[in-house]
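Chemist: Quick one: structure below, then a few questions.
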Amino acid sequence: MQPLYLLTAVDLRRATETGSSRAATISSLTLPSIQFANAEHNPGGGVGAVNFAIPRIQAPEPKFSAKGIDRDIFRGMGQVERWTFAGAYREKRSGGSVSIGGRGLIEGAITMWEPDESDPAEFQGCNHSFTEVTHYELTLGDEELFYWDFWERVVRVAGVDLFADERRALGA
């Protein structure tokens, strides 16, 4: 049976700066979905169409929400930076005594800041999203689940390089 990992804590920080943790203000963290591109082929003499998966991914779009206004977010906004999306997961099947770290390393630019509707009786939050993501890696513990780098032209899933044959065919 597969283990059950329960998310117990999250953090977001600049990957290159110590002391930039947002663990006390972050309210939600959304790692980008991994969606492979496909190419439809519908042959004129065939009986139907097929969407062939190709070893490319759609543009990743990570997001996060924080309580209050994070003034530090405005420093570097619109500029590409490296960010660490971190999570603590507790493995419930073994009794829940061991936490394992999950990490998403994202290189991209925060290009959207949207405050919640303001109400003095409720704590205001702000939503943020990234674009121009050119690097995304996802690990759980010591295991690399996913690695993608636009500039390196590498996409790996569970350690398997899905674009290696294409790079070889192109002579790169």
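Chemist: Could we say that Pro3 is in contact with a Ser or Thr (Cβ under 8 Å, 6 or more places away or on another chain) and either more than 30 Å from His128 (Cβ to Cβ) or assigned to a strand (DSSP E or B) (or both) here?
Modeler: yes
Chemist: Next up: Of all residues in the range 77-101, count the ones that are in contact (Cβ under 8 Å) with a residue 60 or more places away in the chain and either farther than 26 Å from Phe36 by Cα or not β-branched (Val, Ile, Thr) (or both).
Modeler: Total satisfying the criteria: 16.
Chemist: Another one. Does Gly76 meet the test of being on the phi > 0 side of the Ramachandran plot and exposed (fewer than 11 other Cβ atoms within 10 Å of the Cβ)?
Modeler: When the stated conditions are applied, Gly76 does not pass them.
Chemist: Further, regarding this structure: Would you please name the residue that is nearest to the chain's Cα centre (by Cα), looking only at residues in the range 9-43 that are among the hydroxyl-bearing types (Ser, Thr, Tyr) and not in a loop (DSSP other than H, G, I, E, B)?
Modeler: Kept after step one, since they are among the hydroxyl-bearing types (Ser, Thr, Tyr), are these residues of the range 9-43: 16, 18, 20-21, 25, 27-28, 30, 33.
If we keep only those that are not in a loop (DSSP other than H, G, I, E, B) as well, we get 27-28, 30.
Values: Ser27: 16, Ser28: 13, Thr30: 7 Å.
Once the filter is applied, the top-ranked residue is Thr30.
Chemist: Shifting gears a bit: Is one or more of the residues making up the range 44-58 under 30 Å from Phe123 (Cβ atoms) and under 14 Å from the mean Cα position of the chain (by Cα)? So that I can check it myself, show each step before the final result.
Modeler: Here is the first cut: in the range 44-58, the ones under 30 Å from Phe123 (Cβ atoms) are none.
Checked the range 44-58: no residue is under 30 Å from Phe123 (Cβ atoms) and under 14 Å from the mean Cα position of the chain (by Cα).
Chemist: In the range 110-132, which residues are of a type in the set (Gly, Ala, Ser) and surrounded by 14 or more Cβ atoms within 10 Å (Cβ to Cβ)?
Modeler: Selection gives Gly125, Ser129.
Chemist: If you take the residues of the range 54-75 that are without any contact (Cβ under 8 Å) to a residue 60 or more places away in the chain and not aliphatic (A, V, I, L, M), which of them is farthest from Glu17 (Cα to Cα)? Walk me through it before giving the result.
Modeler: Looking only at the range 54-75, we keep the residues that are without any contact (Cβ under 8 Å) to a residue 60 or more places away in the chain, and these are 54, 58, 67-75.
Going one step further and asking which of them are not aliphatic (A, V, I, L, M), we end up with 58, 67-68, 70-72, 74-75.
Values: Gln58: 29, Lys67: 21, Gly68: 21, Asp70: 16, Arg71: 16, Asp72: 12, Phe74: 15, Arg75: 13 Å.
Ranking the qualifying residues of the range 54-75, first place goes to Gln58.
Chemist: A further question follows. From (1) surrounded by 12 or more Cβ atoms within 10 Å (Cβ to Cβ); (2) farther than 20 Å from Val157 by Cα, pick out the condition that doesn't hold for Glu40.
Modeler: (1)
Chemist: Considering only the range 126-172, state which residues are in a strand (DSSP E or B) and aromatic (Phe, Trp, Tyr).
Modeler: Phe130, Tyr136, Phe146, Tyr147, Trp148
Chemist: Out of the residues in the range 107-122 meeting the condition of being in contact (Cβ under 8 Å) with a residue 40 or more places away in the chain and of a type outside the set (Gly, Ala, Ser), tell me which one is farthest from Asp149 (Cα to Cα). Write out each step before concluding.
Modeler: Applying the first criterion (in contact (Cβ under 8 Å) with a residue 40 or more places away in the chain) to the range 107-122 yields 108, 113, 115.
Narrowing the set further to residues that are of a type outside the set (Gly, Ala, Ser) leaves 113, 115.
Details: Trp113: 25, Pro115: 31 Å.
Among residues in the range 107-122 that are in contact (Cβ under 8 Å) with a residue 40 or more places away in the chain and of a type outside the set (Gly, Ala, Ser), the one farthest from Asp149 (Cα to Cα) is Pro115.
A short reminder: the numbers here are calculations on the coordinates, not readings from a lab. From a predicted model like this one, the values you see are computed outputs, not experimental measurements. As a convention, Cβ positions derive from the backbone with ideal geometry for all residues, glycine included, and neighbour counts pool all protein chains shown.
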